[in-house]
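Here the structure comes first, spelled out in structure tokens, and everything after it is commentary.
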Amino acid sequence: MLGPGETIPLEAVSQMYVLVGNAGGLDLIYNGKPLQRFGNSGDVVGLAFTPESFEVNASKNQKPQ
């Protein structure tokens, strides 16, 4: 869990899955390039990264109850 202003570098050899609990409040850099935001404030989104690409798990794109 990261607080405001905190950063963490992550590396993976084959694949990494990240569950984001506030998609609108997260800035991502993937392979040195900034990515767009994948949701609004409070949206929960799953992101799967490989060395070549990434995908957004839209089924997780919902606000927590």
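Nearest 20 debye, what's the magnitude of the dipole of the chain about its Cα centre given +1 on Lys and Arg Cβ and -1 on Asp and Glu Cβ?
Using only the charged Cβ atoms, the result is roughly 200 debye.
In whole Hz, what ³J(HN,Hα) sequence does segment 2-8 give by Karplus (6.51, -1.76, 1.60; θ = phi - 60°), x for Gly and Pro?
Result, ordered by residue: 10, x, x, x, 7, 10, 8 Hz.
Packing-wise, with mean Cβ within 10 Å as the measure, how do 41-48, 15-22, 29-36 rank, highest first?
Descending mean neighbour count gives 41-48, 15-22, 29-36.
Which one, (1) 34, 27, 19; (2) 30, 25, 19; (3) 59, 38, 21, gives Cα extents along the principal axes in Å as derived from the coordinates shown?
(1)
Can you list residues from other chains, or at least 5 along the same chain, whose modelled amide H is less than 5 Å from the amide H of ASP43?
Sorted by chain and number, the residues that satisfy this are ALA23, GLY24.
Go through segment 19-35 residue by residue and turn each phi into a ³J(HN,Hα) via Karplus (6.51, -1.76, 1.60, θ = phi - 60°); whole Hz please, and just put x for glycine and proline.
For segment 19-35, the Karplus curve yields 9, 9, x, 8, 4, x, x, 10, 9, 10, 10, 10, 6, x, 10, x, 9 Hz.
Karplus couplings for segment 40-49 from phi (6.51 cos²θ - 1.76 cosθ + 1.60, θ = phi - 60°), rounded to Hz, Gly and Pro as x?
Listing the rounded values in order: 9, 4, x, 5, 9, 9, x, 10, 10, 10 Hz.
Could you pull out every residue, at least 5 positions away or on a different chain, whose amide H is within less than 5 Å of the one on ASN57? Hs are placed 1.01 Å off N in the peptide plane, and Pro or chain starts have none.
For ASN57, whose amide H was placed from the backbone, the distant partners under 5 Å are GLY46, LEU47, ALA48.
Please report the carbon-and-sulfur percent of the accessible area for segment 1-61; probe 1.4 Å, protein heavy atoms only, DNA, RNA and ligands left out.
Answer for segment 1-61 is 53 percent, counting heavy atoms of protein chains only.
The values are calculated or read from the model by the stated rules, or taken from the named source; none is laboratory data. Remember, predicted model here, so these are calculated numbers, not experimental data. Because the Cβ atoms are built from the backbone with ideal geometry, glycine has one as well, and the counts that use them run over all protein chains shown. Protein only, heavy atoms only, side chains kept; ligands, DNA and RNA dropped before computing areas. Shrake-Rupley method; radii C 1.70, N 1.55, O 1.52, S 1.80 Å.
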